[in-house]
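Q: Okay, here's the structure, questions in a sec.
Every number here is computed from the coordinates shown, using simple stated rules; none is lab data. This is a predicted model, so every value here is computed, not measured. Glycine gets a Cβ as well: all are built from the backbone with ideal geometry, and neighbour counts include every protein chain shown.
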Amino acid sequence: DSECYLYTHIITGIASIVGHNDSNAEKEYDPYSSTMVACLFFIMLTFIVSTLSKNYSQVDKLWSITPVIYSWMCITDTRTLIMAILATIWGGRLTYNFYRRGGYEWPPWSGDEDYRWAYVQKGEFMMILTNPIVWNIFNFVF
């Protein structure tokens, strides 16, 4: 019981330091609108870069980073702060493993494409993806 109280007290303290408290955070900030704008930005970014470079692994480079960003944007109370901390730990582990395997290159659009994308684009997953229009729609929404 005392450990649980201590952890709750520490997390509540962190929440107050970053400016989020349970009582009025929701009135001051709409996290969902801001997060949606960020999500749309990343969708457009990965779509444009992957279309221009023909390297469809661009989304893989952000797969472990964007959830961390979104979770920190959505902090409104102690519960969402805890979720942001957990998402950061999870995202850090995934990002490190992706980096360790050579997933990040400079410039960002360079590097090898994940071999599975070629199978998907050839229609081995779904034949309809061989249609260029369908492929571009798939690339945009994935």
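Q: Using θ = phi - 60° and the Karplus curve 6.51 cos²θ - 1.76 cosθ + 1.60, what whole-Hz ³J(HN,Hα) does each residue of segment 72-86 get, with Gly and Pro shown as x?
A: In residue order, the calculated couplings are 6, 6, 9, 6, 10, 7, 5, 4, 6, 5, 4, 5, 5, 5, 5 Hz.
Q: Another question, then. How far apart, in nm, are the 7 Å Cα→Cβ label points at residue 53 and residue 118?
A: 1.8
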